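We did not get these values from a lab; they are worked out from the coordinates using the rules stated. Here the structure is a predicted model, which means the values were calculated and not measured. Virtual Cβ from ideal backbone geometry, glycine too; neighbours counted across all protein chains shown.
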Amino acid sequence: MLDSSYKILIDSKFEKSLKGLPKNIKDVFDEKMEYFRNNPSHPSLNTKQCSVSRSKLKELGVDQVYEFYINRKDYRCLFYVINETKEIIIVCIANHTQIKNKLK
Amino acid sequence: MGNKKFKFTKEDFILYILNKLEPDKSDKIRLNKMAFFVEFAYLLNFGQDLSDANYAAINKGPVIDGYDSLLKSMQTKRLIKIDNYVVRPLKSPAVDIPTDIRIFMDSIMDKYSKLKNEELYTLSHSTDSYKITTNNEKKMGRKISKKLAILETFLADDESQEEEFSEDSLPKINRSNLVQYAR
């Protein structure tokens, strides 16, 4: 189970793109990350595990893939979990169309 | 829609809502819940304040910040009448309300007027804005940031489609690029 002992990591390239987000989205993301940092399973986050095959997880070198909504209408944040090293890796934050394009 | 020039004062906002509430359902709980839902729905949909009211998270749920003293002041000014928990308007808002705003507000109020007070109470307690502000009801009395309205997607005009992504498109991790997340 995810908890505050997990280290939160982010791709430095993605971190730069956070600055390009609309300010209100960035503000809410920061707010949610405060809760996420202390409790990744905080009820307010509606964190959801994504359905990914074992073979894909093995290929990525991760144990689980999760997402939580910044704004259910548009933006969500995708992250990977590696339990052995207690790491959470933020993959991206984007709206539906951007996620589809970014993940192509 | 969304009118950049218009913004209610707290008093006119309260008067508008009270004039819309059915007399036999016009009490402090309903007033506060309606105000919160209407304001946050407007914020979510148009990204701007509807009124200069702020909202506080107390054990009764989200309420207009300082509503008790505000209502007493309005009573002194003979804008409203308070009789225990019942609050009735004695006047209409002293401002011309743009038609598009009136239509929007009325649609939200019509939707939530169907709920009983207990249902409004429960719904307001379940909002992300309230849960985040109170840290899941552990800390009361804080002001609810209007920025959190963006989370209340149940107030949105339309439901978003939750598209699933293809797992084939999940990016691989490049360890050399990873840094610790800092706000």
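Could you give the angle, 0 to 90 degrees to the nearest 10, between helix B:99-112's Cα long axis and the longest principal axis of the Cα atoms of chain B? With rounding to tens, the tilt is 80 degrees.
Checking the cross-link pairs B:Lys7/B:Lys147; A:Lys32/B:Lys111; B:Lys33/B:Lys114; A:Lys23/A:Lys56 against a 23 Å limit on the alpha carbon distance flags A:Lys32/B:Lys111; A:Lys23/A:Lys56 as lying beyond it.
Give the Rg/Rh ratio for the protein assembly as shown, taking Rg as the radius of gyration of the Cα atoms and Rh as the Kirkwood radius, to two decimals.
1.05
About its Cα centre, chain B has a charge dipole of approximately 1120 debye under the convention of +1 per Lys or Arg Cβ and -1 per Asp or Glu Cβ, with nothing else charged. Compare the Cα positions of B:Ser166, B:Thr99, B:Ser176 along the charge dipole of the protein assembly as shown (+1 at Cβ of Lys, Arg; -1 at Cβ of Asp, Glu; about the Cα centre) and return the one farthest towards the positive end. Working it through, the farthest residue towards the positive pole turns out to be B:Ser176. Between the residues B:Thr76, B:Leu31, B:Ile150, the greatest Cα displacement towards the positive end of the dipole of region B:10-153, with unit charges on the Cβ of Lys, Arg, Asp and Glu, is found for B:Thr76. Cα convex hull, chain B: 165 Å³ per residue, rounded to a whole number.
Along the axis of the charge dipole computed for region B:1-135 (Cβ charges of +1 for Lys and Arg, -1 for Asp and Glu, origin at the Cα centre), the listed residues B:Asn117, B:Gln48, B:Asn135 are led at the positive end by B:Asn117.
Between the Cα long axis of helix B:10-20 and the first principal axis of chain B there is an angle of about 80°, rounded to the nearest 10. In a reduced charge model with +1 at each Lys and Arg Cβ and -1 at each Asp and Glu Cβ, the protein assembly as shown shows a dipole moment near 720 debye about its Cα centre. Run the paramagnetic zone check for A:Thr85: 7 angstrom along Cα to Cβ, then residues of region A:1-33 with backbone nitrogen under 19 Å. In region A:1-33, the label zone of A:Thr85 (backbone N under 19 Å from the point 7 Å along Cα→Cβ) covers A:1-15. Taking all Cα pairs closer than 8 Å and separated by 6 or more residues, the relative contact order of region B:98-159 comes to 21 percent. Between B:Arg142 and A:Ser41, the FRET efficiency estimated from the beta carbon spacing at R0 = 25 angstrom works out to 0.65.
Applying both filters, DSSP loop and at most 13 other Cβ atoms within 10 Å, to the trypsin sites (Lys or Arg not before Pro) of region B:45-136 gives B:Lys77, B:Arg78, B:Lys114, B:Lys116.
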